[in-house]
Structures are given as structure tokens and as C-alpha cells.
Amino acid sequence: RLRALRDAAREWGAEFRTAGAALDLDPDGVGAHLDLAGVRCLASMLIPAEYGGAGLRLGGHRFHGMTAIERVVVLEELARGDAGLMLASPGASMSGVLVDVLADREQKEWFYGRLLERPTWTFFALTEPGRGSDAAALETALSPAAEEVHRLDGRKKYVGNAARAALGVVFARTGPGPLGVTAVLVDTADPGYRAEPIETLGLRAARICEVTLDGVAVPAERVLGRDRSPARRGMWACVQTFNRLRPGVAAIAVGIAEAAHDAVLAGRLRLDRAERDRLEALAQRIASVRHLVHLSAIEVDADGSRGHLASAAKAEACRLAEEATLAACSFFGPRARWDHAVLDKLVRDARGVEFMEGAGNIQKLTLFQGLLAGKVGRGEPFPAHQAKTPTGGASCR
């Protein structure tokens, strides 16, 4: 089943490679590529059948992208073609995962209904200037303005597709402490919403933006988790959502590493033995990290609260992407990035993934907390060599 999905996504990724190169020069030109099969797939993913999602039919199987393992398989191959175009494509994306976790039926009907009308971009706004993605330190405020209406004020930064999106999710604070964090659905056509693109070196097509929210009116029915206790929305939903998203981000990094490997195969027709060995070692490392990413996706599909393995996968995959793109350049000499535009783009794009959904240091802290709490096995799925320390604690590598 997953092989059928992978093979189709690999064909779509090949189409992304040419289109993505053009978008690096013209980031706003994504509208010209809406007919690509991969873009159409992303536009229809994360819409459940019960809400009208037709899904994707391949080889007798139907896919809706509601599981992390399905998303991992697709995102890896599309990022192998071009990560920028993949991130710039319309669809439910990160907001769709949160809506699936937290929204009630009425909210899902509104959200999915908008996506079914036409190719629609969405955004996911958590990160703030000076606060980063620390949900506990949010300053964006949601306050009552009138009966059944709330007022949303604040600023968000590094929000992909925010300038072209029609709707999305914003995290805000209704009160102090972790129980005061909530998320709301926002229509970008409402007064007070403004998004300005930020110039970036990598992943330029994603049009990462700074968002200003100046008195945006939010009807009470668009407050996500309104039918739940404060303990089961806000921070809880944020953790659940990122656990489900993390394997997909790791898959994007693996795809970029694969693209670097492909570039060497295409650009160096003759390799000496030492070079062949180096390239084979890179291929084996890519396969190893892919396996880790797949395991992490399977784990969060089984239990959305277990995201520690996904943190390990994301940290390792991002390191792989950065090192693989530089290693690929070494096969072409000191002018590699100057003479080979594809390599230059891959090096730039690889560094962008590091800051998606938490940087490596955050992922390592999450993994360490899982080890301390006994939530991550010390044997499977990756071996850990343990030794007692003089203080009686356990150290592992």
C-alpha cells in the first residue's frame, strides 16, 4: 500500500524539480503550478472522507493523508523534487492536523468546506517576535469584545504562506499559565489581519511572513476546543499537533538529502573508488534515517502523546540534510555552488528545515525528557549503550 503511494509521489517529485527552480527566482509564481499532480495531492490531503474529502486512489488503495506515515511517504518524495514548492502548495497542511485533533464537527465542516471549494492556502501561526515558538510565553491576546465575539491582537513571525492564505490557525492567550493558551480559526479576509513576506535565503517559495493581528474579530464558534476543558486544549493540543507533524518535517529533510545524492549521480558520471565509497556511505545513512523517520511516524499514529522518537528523527534528519548537501558539493570542487544552481539551492533549503517545528536543541531536550521519564525504550528501536556513572545515574549514547 505504501509502496504504491511512494512510487506515485516519486513521479510527482520529478515534476517538482523543474518547477521549484523557477520558484526560487519568482516565489509568488506558485499559482502557475496548481495543475501538477503533486500540488493537487497536497491540496486535497488531510480532508477526511466524512467531510467530503475524495482522497487519492492508487492501485486499489485510497489515501486521505490523515496518518503520519502516509504524510511521511509523500513529503519525502516531493521534497526530493523540491522542498520549496512542496511547502508553497495549497492545502490543510499544519492547520489541518490541529483541526483534526481539536475542532468540533461544526468547525471541521467550515474548515474543510473552504478547502473543498478551490485550491486554498492555510497558515499556522504560533511563533512570535522575541518569544519564538514557546507557547507558554505567548503575548498574542484573545479577549472578549462583545457577546459571542472575541478580539485578537498581537504579532506572529515566520509563518509560511500567510500572505496567500485564505484561512488558518492562530495561537493566543486568554489568561495566565498553560491553561490560558488557546487556538482560533481566522479568516484572512477579516479586517485587522495583515501578512508581510520576509525575504529568506532558502525555501523562498514558502513566502514566510510576519503577521499583524489588530483587533481581528473572532466569533466564539471559531475558538478551537470550545467544547473541551482548558486542560484538553491549548498546550495539550499544541503538543499533540507537533508530535504528529514532526515526522513529516523530518521526511522533508530526508528528501533534501536524497536530492543532494541524486545531484551527484546526475552531475558526476565517473567516480573513482574512494568517491563511490563516500557516495554509498551517504546513501546508507539516508536509508538509516528514513527508517527512523518511518518508525517515529508509526509511533505517533499509535499514540499521539508519544513524540519523543519523532524528536530524535527530526533532529537527526535535519543534521543529515545539512551535512549531505555540503558533502554533495565536495564532489564538484570549490566552485560547486557557483557552477551548480541546484546544489546552491539545496544547501540553502536544508538550513531552513532546522527551524521548522522546533530547532535541534529543543528536539534533543524532548528526547532526553522522554528517556528520563521512561517513555523511550533504551533498546528498541535504536540501541543504547549504557554505563553507570559514579553518582549512580545512567548515561547512554
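Summary of computed values
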read-out: Region 173-196 residues near the modelled W110 label - backbone nitrogen below 19 Å, point 7 Å along Cα→Cβ; value: 173-174, 182-194
read-out: Sum of side-chain charges, E210 neighbourhood, beta-carbon under 12 Å (Lys, Arg +1; Asp, Glu -1); value: +2
read-out: FRET efficiency, D26 to S143 (Cβ-Cβ, R0 35 Å, nearest 0.05); value: 0.30
read-out: Solvent accessible area, Å² - R233, 1.4 Å probe, full protein context; value: 60 Å²
read-out: Region 266-318 - percent of accessible surface contributed by carbon and sulfur, probe 1.4 Å; value: 51 percent
read-out: Contour minus Cα-Cα distance for L2 and L372 (0.36 nm per residue); value: 129.8 nm
read-out: Spacing of the two label points (7 Å from each Cα toward its C-beta) at R228 and A37, in nm; value: 3.7 nm
read-out: Burial order of peptide ranges 158-166, 366-374, 185-193 (average beta-carbon count within 10 Å, highest first); value: 158-166, 185-193, 366-374
read-out: Within region 358-378, backbone nitrogen closer than 12 Å to the virtual label 7 Å beyond the Cα of D303 toward Cβ; value: 374-377
read-out: Beta bridges per DSSP with both ends in the chain, % antiparallel, nearest 5; value: 90 percent
read-out: Exposure ranking of T140, T200 by accessible area [1.4 Å probe, largest first]; value: T200, T140
read-out: Ordering of 259-265, 98-104 by packing [mean C-beta count within 10 Å, highest first]; value: 98-104, 259-265
read-out: A220-L179 FRET efficiency (beta carbon distance; Förster radius 22 Å; 0.05 resolution); value: 0.75
read-out: MRE, 222 nm, helices only [DSSP H, n ≥ 4, -39500 (n - 2.57), over the chain, to nearest 500]; value: -16000 deg cm²/dmol
read-out: Sparsely packed GluC sites (Glu not before Pro) within region 178-276, loop by DSSP, other Cβ within 10 Å at most 13; value: E199
read-out: Shape call, region 90-158: gyration tensor on alpha carbons, a/c limit 1.5; value: oblate
read-out: Fraction of antiparallel bridges per DSSP, region 122-224 only, in percent to nearest 5; value: 85 percent
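The values are calculated or read from the model by the stated rules, or taken from the named source; none is laboratory data. In this text the structure is predicted, and so the values were computed from the model without any measurement. All Cβ positions, even for glycine, are placed from backbone atoms using ideal geometry, and neighbour counts span all protein chains on display. To get the accessible areas, we keep the full protein, side chains included, count just its heavy atoms, and leave off ligands, DNA and RNA. Shrake-Rupley method; radii C 1.70, N 1.55, O 1.52, S 1.80 Å.
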